[in-house]
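A.B. asks: What follows is a single structure, and I will ask about it in a moment.
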């Protein structure tokens with residue numbers, strides 16, 4: 001009886017311990033193969049082990065493995081392991097001598113068990129939202145059970161033109177859109193990928209941008225090294241042009257319902273027009289705008305918006321609003337460049353600033369509406385001269401002059417002031433002194449307000465690098481108080 005008990009304990013010890021190597025005298029053979037479940041292609045170097053332990057082997061290039069005559073009679077679990085794949089375990093039994101057991105493992109990759117991210121939920125703007133500004137921030141959310149890194153793709157469709165724009169490879173769940181088209185409805189959708197599963201898409205959502213507010217102020221800023229044009233109601237600003245091209249000297253015409261400006265195209269400066277929202281730009285000038293420093297040059301509409309005048313070197317051109325009918329109406333007799341031009345409200349007179357190729361030896365001359373010379377009202381003084389804007393009645397003309405007389409190759413101005421020339425008595429009034437221009441600053445680009453009751457202009461330090469700002473002065477204010485209108489802005493147009 002004692003021997004029977006000891007035999008039972010030995011049997012339990014032999015077959016119950018999972019990691020003990022069996023070494024019976026009656027042994028069988030295990031053969032098998034390892035395949036990829038989805039394609040049935042063989043997998044090599046798969047580690048094959050048994051419990052209880054017998055022998056460790058690896059599958060060959062064809063996916064086959066063999067434990068030859070090494071497995072004692074008994075019950076076993078057989079494990080297949082390969083990095084990057086889900087471990088597989090199967091059960092076999094060896095019941096007799098020289099028995100051959102065959103097993104096939106079908107393995108799947110670890111990624112097969114990976115769950116896809118949830119379909120993105122579109123948070124903002126709300127579906128069918130209307131009257132939005134043309135700068136919109138899109139927001140959405142998605143989660144991933146496996147904490148995989150998520151990659152987003154936003155698809156934006158302009159419902160008016162059917163144009164689709166994609167924003168791929170986004171790693172955050174927000175996207176800022178700028179300068180969207182006014183009065184336009186957009187449809188958007190978000191796709192998300194974990195780079196393992198197929199891309200998952202959100203439902204589509206729509207939003208509508210408000211109509212163009214058609215603000216009365218236009219101005220210029222520097223962005224990415226180029227001039228850009230914005231319009232404002234003094235509370236918010238909207239883009240009219242982008243920094244793809246340098247655009248400056250905006251002039252709005254309320255009758256034409258267009259904004260005109262200079263723009264650099266393929267290295268040349270041209271006169272352009274666009275809709276009030278900046279869309280549908282059109283080149284108007286057929287010859288480039290050339291002369292002394294295009295950034296200080298200027299052009300003008302006639303009042304009804306049917307024609308422009310613009311300079312190029314020593315010539316003044318007139319052209320129709322659609323770019324047709326361009327012709328020369330004036331040429332300086334002394335070869336001086338024409339830098340500024342301004343049309344009177346009634347179209348009967350044109351004021352021009354002429355100067356040499358360094359910007360000096362300046363004159364202000366008056367022509368009739370057809371370009372015939374009438375008179376010179378400013379001549380023979382050193383220093384930069386600019387400005388030019390007519391009062392509605394045509395009895396006054398704004399211009400600027402650097403009274404310091406300073407002249408240098410970089411066209412630095414030290415004490416530029418605004419003057420009001422009165423045609424009735426042929427006198428000039430120093431408006432900048434009346435309005436207490438700060439010492440060390442210059443006043444440039446003056447313009448009468450639409451009702452002639454104010455003068456709006458740019459002021460900046462005379463160091464060539466300081467920020468420019470727009471100020472306005474009420475001519476009915478006995479103190480001529482300067483009121484800041486816009487910071488970091490220049491070349492104001494107020495219509």
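A.B. asks: Which residues, taken from the range 430-443, are within 14 Å of residue 482 (Cβ to Cβ) and either at pLDDT below 95 or in a strand (DSSP E or B) (or both)?
C.D. replies: 441, 442, 443
A.B. asks: Could you identify the single residue in 484, 464 that is in a strand (DSSP E or B) and assigned by TED's automatic domain parsing to the domain that holds residue 249?
C.D. replies: Numbers: 464 fails: in a strand (DSSP E or B).
Criteria check complete, one pass: 484.
A.B. asks: Restricting attention to strands (runs of 3 or more DSSP E) lying wholly within the range 293-393, give those where 2 or more residues are touching a helix residue (DSSP H, G or I) at 6+ places or on another chain (Cβ under 8 Å), buried (at least 18 other Cβ atoms within 10 Å of the Cβ) and not assigned by TED's automatic domain parsing to the domain that holds residue 413. Can you show your working first?
C.D. replies: Numbers: elements: 307-312, 315-320, 327-331, 337-343, 349-355, 363-368, 373-378, 385-390.
In the range 293-393, no matching strands (runs of 3 or more DSSP E) lie anywhere.
A.B. asks: Moving on to the next point. Would a scan of the range 273-288 turn up a residue that is surrounded by fewer than 20 Cβ atoms within 10 Å (Cβ to Cβ), modelled with pLDDT under 95 and part of a strand (DSSP E or B)?
C.D. replies: The answer is yes; a qualifying residue exists.
A.B. asks: Kindly indicate whether residue 126 is outside any strand (DSSP E or B) and in the same structural domain as residue 205 (by TED's automatic domain parsing).
C.D. replies: Yes; evaluated as a whole, the condition is true for this residue.
A.B. asks: Select from the range 444-454 the residues that are part of a loop (DSSP other than H, G, I, E, B) and either over 14 Å from residue 471 (Cβ atoms) or in contact with a helix residue (DSSP H, G or I) (Cβ under 8 Å, 6 or more places away or on another chain) (or both) and list them in ascending order. It would help to see each step written out before you state the result.
C.D. replies: Looking only at the range 444-454, we keep the residues that are part of a loop (DSSP other than H, G, I, E, B), and these are 449-453.
450, 451, 452, 453 - these are the residues of the range 444-454 that are part of a loop (DSSP other than H, G, I, E, B) and either over 14 Å from residue 471 (Cβ atoms) or in contact with a helix residue (DSSP H, G or I) (Cβ under 8 Å, 6 or more places away or on another chain) (or both).
A.B. asks: A follow-up question, please. With respect to residue 397, is the statement that it is out of contact with any helix residue (DSSP H, G or I) (no Cβ under 7 Å at 6 or more places or on another chain), in the same structural domain as residue 351 (by TED's automatic domain parsing), under 20 Å from residue 297 (Cα atoms) and in a loop (DSSP other than H, G, I, E, B) true? First the steps, then the outcome.
C.D. replies: Numbers: out of contact with any helix residue (DSSP H, G or I) (no Cβ under 7 Å at 6 or more places or on another chain): yes; in the same structural domain as residue 351 (by TED's automatic domain parsing): yes; under 20 Å from residue 297 (Cα atoms): yes; in a loop (DSSP other than H, G, I, E, B): no.
For residue 397, the condition - out of contact with any helix residue (DSSP H, G or I) (no Cβ under 7 Å at 6 or more places or on another chain), in the same structural domain as residue 351 (by TED's automatic domain parsing), under 20 Å from residue 297 (Cα atoms) and in a loop (DSSP other than H, G, I, E, B) - is not met.
A.B. asks: In addition: Looking only at the range 82-102, filter to residues that are within 60 Å of the chain's Cα centre (by Cα) and crowded, with 17+ Cβ neighbours inside 10 Å; which one of those is farthest from residue 65 (Cα to Cα)? It would help to see each step written out before you state the result.
C.D. replies: In the first step, residues of the range 82-102 are kept if they are within 60 Å of the chain's Cα centre (by Cα); the result is 82-90.
So of that shortlist, the ones also crowded, with 17+ Cβ neighbours inside 10 Å come out as 82, 85, 88.
Working: 82: 14, 85: 17, 88: 15 Å.
The qualifying residue farthest from residue 65 (Cα to Cα) is 85.
A.B. asks: Another one. Quick one: which of 457, 431 is under 24 Å from residue 216 (Cβ atoms) and either touching a helix residue (DSSP H, G or I) at 6+ places or on another chain (Cβ under 9 Å) or not assigned by TED's automatic domain parsing to the domain that holds residue 345 (or both)? Spell out how you get there, then give the answer.
C.D. replies: Values: 431 fails: either touching a helix residue (DSSP H, G or I) at 6+ places or on another chain (Cβ under 9 Å) or not assigned by TED's automatic domain parsing to the domain that holds residue 345 (or both).
Testing whether each residue is under 24 Å from residue 216 (Cβ atoms) and either touching a helix residue (DSSP H, G or I) at 6+ places or on another chain (Cβ under 9 Å) or not assigned by TED's automatic domain parsing to the domain that holds residue 345 (or both) leaves just 457.
A.B. asks: Do you know which residues across the range 93-123 are modelled with pLDDT of 95 or more and part of a loop (DSSP other than H, G, I, E, B)?
C.D. replies: Those that are modelled with pLDDT of 95 or more and part of a loop (DSSP other than H, G, I, E, B): 117, 118, 119, 120.
A.B. asks: Which of (1) surrounded by 12 or more Cβ atoms within 10 Å (Cβ to Cβ); (2) touching a residue at least 40 places away in the same chain (Cβ under 8 Å) does residue 461 not meet, given it meets every other one?
C.D. replies: It is condition (2) that residue 461 fails.
A.B. asks: Test residue 236 against the stated conditions and say whether it is more than 30 Å from residue 306 (Cβ to Cβ), more than 15 Å from the chain's Cα centre (by Cα) and assigned by TED's automatic domain parsing to the domain that holds residue 456.
C.D. replies: yes
The values are calculated or read from the model by the stated rules, or taken from the named source; none is laboratory data. Remember, it's a predicted structure, so these values are computed and weren't measured experimentally. In this analysis, Cβ positions are derived from the backbone assuming ideal geometry, glycine residues included, and neighbour counts consider all displayed protein chains.
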